[in-house]
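Chemist: First the structure, which I've put down as structure tokens, then a few questions once you've had a look.
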Amino acid sequence: MQLTDDIQFLKGVGPKRAELLNKELNIFTVNDLLRHFPFRYIDRTKFYKVNEIKEDFPNIQARGIISNFKTKGSGRKTYLTADFSDQTGTIELIWFKGINRIKQSLTSGKEYIIFGKPARYGRKINIAHPEIDIPEDAGKKIGSSMQAVYPSTEKLAKNNFTSKVFRKIIAGILQSPDIKLPETLPAYIVKKYALLSYRDAVINIHFPKNAETLKRALYRLKFEELFYIQLNILKIKYGRKLKFKGFVFSEVGENFNRFYSEKLPFELTGAQKRVIKEIRKDFASGKQANRLLQGDVGSGKTLVALMLMLIAIDNGYQATLMAPTEILAQQHFKTISGFLEGMNLDIRLLTGSTKQSERRILHEDLKNGKINILIGTHALIEDTVIFKNLGLAVIDEQHRFGVAQRAKMWKKNINPPHIIVMTATPIPRTLAMTVYGDLEISVIDELPPGRKPIKTIHAYDGQRLRVFKFIKEQIQAGRQIYIVYPLIYESENFDYKDLEDGLESISRAFPPPEYAISVVHGRMKPEEKEKAMQLFVKGITNIMIATTVIEVGVDVPNASVMIIESAERFGLSQLHQLRGRVGRGADQSYCILMTSYKLSKEAKIRINTMVETNDGFKIAEVDMKLRGPGDTEGTRQSGIPFELKLADLSKDYKILETARHAADSTLSEDPELKQDKNQILVKQLKSLITRNKKWGMIS
Ligand code: ADP
Ligand code: MG
């Protein structure tokens, strides 16, 4: 038997079941089947007494006599029942399918071992479609007391494709005399990290010899999974280092120093200083810097970006800052121009709405080197935008940009400029190491002093009048208010009703001329949105009612209250992002999470987490635990899809670190994987990339 054999020819499979497995679980070959791993194990050493069995138990095992078969109902609703008893009592077994087969195969009055999930229909506890063994067979199974339970689907379950069936088919493969399970990691790695062989790992994950061996099998397979992800991503990083020279920014010069001593209006935080130091080291190294700068909203990333750009200018290069939206680009332009006033630097703005005539001049000044800093939207990665000598590109809120857009930045000079990508969406360390594994990571984990932490309050819909009263008090005190409604499916039509209803009640509660309201939603034209935003930014309106289209990163320091309607419908990182819109000024800020009374368990965790902490990294960890790494904001928006079969980034941090270290040390010795002992890695990577096409896109 070959690993590549089609499953339909396996014993116990056949064309019908093969088709089910193809369609439901994407399993086509023997190897796919072997890599369909159990997600838990059941202890088959424990036997329950009948009188101990409760309806809310998970699968249980019991030993007793089956008797008193009765066929009930009629036609298609015929079903079969039987009594199952031991010395302590009797429960009922039920079958809705395969009735004749069951009656034939079981003997009334004989002892059996049953296994299944207890439930209650009417007054009796019963077990539907139990697995049944005769006691003499109990000890004869391969493996041990730990019995594998496989991920399944509704359709498979309907077709009686149980874990027992999986176990039987997989046992058949593993017992086949000519099956080969060749090693998938180089021998030196297996040895160095004391891993179980691939063969033993596969056998034991399906049929564990004991708990200890199962642990080692899991470790080995998780290690391998994470190792190849790291190898793939680190290979890109090593490749880049071989291919490109980095511009050397050897000195901190006049502009940086002058800004630091004359213009900087406050002391840098310790974290800002540390991060600037880390990046300066990159700049001086002769290698191209590729760094992810993570920092919670309000941690002062813009200022860090600005100071890095000054270093580029001091070394004779140009710098650019790209933001995902027009409003953000404008805001950066304003902030940075303000900071650098009187410093004799040429700073320009380029966005989609820059006029053609202006553009022509700008292009010219950029090419001849007159412009020092160009700030803009993705308009600045267009091919027509040519720098004289771009040395540093900063990309803000980088998760909003696709990989392809980032790649364009690379081509803006003979050698790629240093790239710093900034994000305010905190990503747990394990996830960052995986999704942005090719980037160095810096974290600003400290907020500027004097900020009052935002107070977060959970309020039910019934408390709305009190919330309105609070809004009025805040407006009276001169503050501004955001009220945000959920945007479902990113499609304007769905949420519009919510917003419309809300708008009506809020307009009634906050009538003109005393109050002025701005509205922004997805149905509006960009110019209309922009206009409404600007009214709020300028403080002309008191209340901004919006769907989540309100821009990430917009800075209105006077806004001190964020009200999130139907907060239970938002994800954690989205809630955190929205909350970050307030708390930017000196005043105490508030975030009020409005929900209905009925909350799911997960929604409760999300709301409580928000009430308990302002720490974006803690929130990101909870988010990852709730949703799994593939669905976490940072991952989805990075455009790099990855699914882990076994490893869990919220738990397997240690394995990840070890695997990354292993991949790194292999590549530092053999960056292009040319050595003989590493050919197995080349082969495995290739097959992983073919199977997982998007792996190739990571950059
Ligand atoms: P973000 O990381 O969200 O982009 P910003 O760069 O917009 O944060 O900074 C938020 C605010 O904090 C800005 O008004 C900025 O001027 C201010 N700020 C930045 N660094 C400091 C500091 N070290 N001390 C005091 N205020 C700071
Ligand atoms: Mg910012």
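The values are calculated or read from the model by the stated rules, or taken from the named source; none is laboratory data. Remember, it's a predicted structure, so these values are computed and weren't measured experimentally. For neighbour counting, all protein chains shown are included, and Cβ atoms are generated from backbone atoms with ideal geometry for every residue, glycine included. Side chains are part of the model used for accessible areas, which takes the heavy atoms of the whole protein and leaves out ligands, DNA and RNA. Shrake-Rupley method; radii C 1.70, N 1.55, O 1.52, S 1.80 Å.
Chemist: Tell me which lysines have Cα within less than 25 Å of residue 110's Cα, excluding those fewer than 8 residues away on the same chain?
Modeler: Cα-Cα hits under 25 Å: 46, 49, 54, 70, 72, 97, 124, 140, 141, 164, 168.
Chemist: Per residue, how large is the accessible surface of region 298-423? Use a 1.4 angstrom probe and give square angstrom.
Modeler: So region 298-423 comes to 36 Å² accessible per residue, rounded to a whole number.
Chemist: Moving on. Hey, which aspartates and glutamates would be in cross-link range of residue 525, C-alpha to C-alpha under 19 Å, not counting anything within fewer than 8 residues on its own chain?
Modeler: 326, 490, 492, 495, 500, 551
Chemist: May I ask for the percentage of alpha-carbon pairs in region 46-144 that lie more than 16 Å from each other?
Modeler: I get 55 percent for the Cα pairs in region 46-144 exceeding 16 Å.
Chemist: Might you tell me the accessible area per residue for region 455-613, computed with a 1.4 Å probe and given in Å²? Can you show the working numbers first?
Modeler: On the way: 7490 Å² over 159 residues.
Here the residues of region 455-613 average 47 Å² of exposed surface.
Chemist: Report the gain in length on full extension from residue 16 to residue 355: 0.36 nm times residue separation, minus Cα-Cα distance, nm rounded to one decimal.
Modeler: 115.7 nm
Chemist: Now, a different point. Give me the net charge for the shell around residue 169: Cβ to Cβ below 9 angstrom, other residues only, Lys and Arg +1, Asp and Glu -1.
Modeler: Taking every other residue near residue 169 into account, the sum is +4.
Chemist: Here is a follow-up. Multiply the residue separation of residue 274 and residue 76 by 0.36 nm, subtract the distance between their alpha-carbon atoms, and state the gained length in nm to one decimal.
Modeler: Numbers: separation 198, 0.36 × 198 = 71.28 nm, distance 7.29 nm.
Net length gain for the segment: 64.0 nm.
Chemist: Next question. Within region 59-92, find all residues whose amide N lies under 11 Å from a label point positioned 7 Å from the Cα of residue 108 along Cα-to-beta-carbon.
Modeler: Output list for this probe position: 67-71, 82-83.
Chemist: Given +1 on the Cβ of Lys and Arg, -1 on the Cβ of Asp and Glu, and no further charges, what dipole in debye does region 105-247 carry about its Cα centre, rounded to the nearest 20?
Modeler: Using only the charged Cβ atoms, the result is roughly 920 debye.
Chemist: Restricting to bridges with both residues inside the chain, how much of the DSSP beta-bridge set is antiparallel, in percent to the nearest 5? Write out the running numbers ahead of the final one.
Modeler: Details: 32 of 87 bridges.
Antiparallel bridges make up about 35 percent of those DSSP assigns within the chain.
Chemist: Need the full-extension length gain, residue 535 to residue 465, defined as separation in residues times 0.36 nm minus the C-alpha distance. One decimal, nm.
Modeler: In short, 22.6 nm is gained.
Chemist: How much of the DSSP beta bridge set in region 455-613 is antiparallel, as a percent to the nearest 5?
Modeler: 0 percent
Chemist: In addition: Return the sequence-ordered ³J(HN,Hα) values of region 563-577 in whole Hz as given by the Karplus equation 6.51 cos²θ - 1.76 cosθ + 1.60 applied to θ = phi - 60°, using x for Gly and Pro.
Modeler: Taking θ as phi minus 60°, the curve returns 9, 10, 7, 6, 4, 5, 8, 9, x, 4, 6, 5, 4, 5, 4 Hz for region 563-577.
Chemist: Among residues other than residue 280 whose Cβ falls under 14 Å from its Cβ, what is the net charge (Lys/Arg +1, Asp/Glu -1)?
Modeler: +1
Chemist: Same structure again: Give me the accessible area per residue for region 1-123, probe 1.4 Å, as a whole number in Å².
Modeler: That works out to 60 Å² for each residue.
Chemist: With a 10 Å radius around each residue's Cβ, average the other Cβ atoms per peptide and rank 288-299, 412-423, 327-338, highest first.
Modeler: Result, highest mean Cβ count within 10 Å first: 288-299, 412-423, 327-338.
Chemist: Regarding the chain, what is the average projected area of its C-alpha convex hull, in nm²? Could you put the intermediate results ahead of the total?
Modeler: On the way: hull surface 152.0 nm².
Mean projected area of the Cα convex hull: 38.0 nm².
Chemist: So, how do all the Cα-to-Cα distances of region 455-613 break down into 5 Å bins, in percent, from 0 on up?
Modeler: Per 5 Å bin, starting at zero, the Cα-Cα P(r) for region 455-613 comes out as 2, 9, 20, 24, 23, 15, 6, 2, 0 percent.
Chemist: Please list, in chain and number order, the residues 5+ apart from residue 539 or on another chain whose amide H is under 5 Å from its amide H, with Hs placed from the backbone.
Modeler: none
Chemist: Moving on to the next point. Just tell me which lysines come within less than 24 Å, Cα to Cα, of residue 273; anything on the same chain fewer than 8 places away is out.
Modeler: 263, 281, 287, 301, 334, 452, 618
Chemist: Oh, and also: Taking the Kirkwood radius as the inverse of the mean 1/r across Cα pairs, report the Rg/Rh of region 190-243.
Modeler: Result for region 190-243 is an Rg/Rh of 1.19.
Chemist: Can I ask one more? Output wanted: per-residue J couplings in Hz (rounded whole) for region 160-174, from phi through Karplus 6.51 cos²θ - 1.76 cosθ + 1.60, θ = phi - 60°, x for Gly and Pro.
Modeler: 3J(HN,Hα) across region 160-174, in whole Hz: 6, 8, 8, 4, 4, 5, 4, 4, 5, 5, 5, 4, x, 5, 5.
Chemist: To the nearest 20 debye, what charge dipole does region 502-587 have about its Cα centre, counting +1 at the Cβ of each Lys and Arg and -1 at the Cβ of each Asp and Glu?
Modeler: Numbers: 10 positive and 10 negative charges, 21 e Å.
That gives region 502-587 a dipole magnitude of about 100 debye.
Chemist: Further, regarding this structure: For region 455-613, give the magnitude of the charge dipole about the Cα centre (Cβ charges: +1 Lys/Arg, -1 Asp/Glu; no others), in debye to the nearest 20.
Modeler: The dipole magnitude comes to about 440 debye.
Chemist: In nm, give the distance between the simple-model label positions of residue 618 and residue 160, each being 7 Å from the Cα along the Cα-to-Cβ direction.
Modeler: Placing both labels 7 Å along Cα→Cβ, they lie 5.3 nm apart.
Chemist: Using a 1.4 Å probe on the protein heavy atoms, what percent of the accessible area of the chain belongs to carbon and sulfur?
Modeler: 52 percent
Chemist: Let me ask something additional. How large is ³J(HN,Hα) for each residue in region 39-49, as worked out from phi by the Karplus curve 6.51 cos²θ - 1.76 cosθ + 1.60 (θ = phi - 60°), to whole Hz, x for Gly and Pro?
Modeler: Using θ = phi - 60°, the values come out as 9, 7, 10, 10, 7, 9, 8, 8, 10, 8, 7 Hz.
Chemist: Where a ≥ b ≥ c are the square roots of the eigenvalues of the C-alpha gyration tensor, would you call region 254-322 rounded, which needs a/c under 1.5, or, failing that, prolate if a/b is larger than b/c, or oblate?
Modeler: Taking the square roots of the gyration eigenvalues as a ≥ b ≥ c, region 254-322 is oblate.
Chemist: Please list, ordered by chain and number, the residues whose modelled amide H lies under 5 Å from the amide H of residue 544; skip anything fewer than 5 residues away on the same chain.
Modeler: Correct list: 481, 482, 483, 518.
Chemist: Once the dipole of the chain is set up with Lys and Arg at +1 and Asp and Glu at -1 on Cβ about the Cα centre, which of 519, 9, 332 lies farthest towards its positive end?
Modeler: Sorting the options by dipole projection puts first 9.
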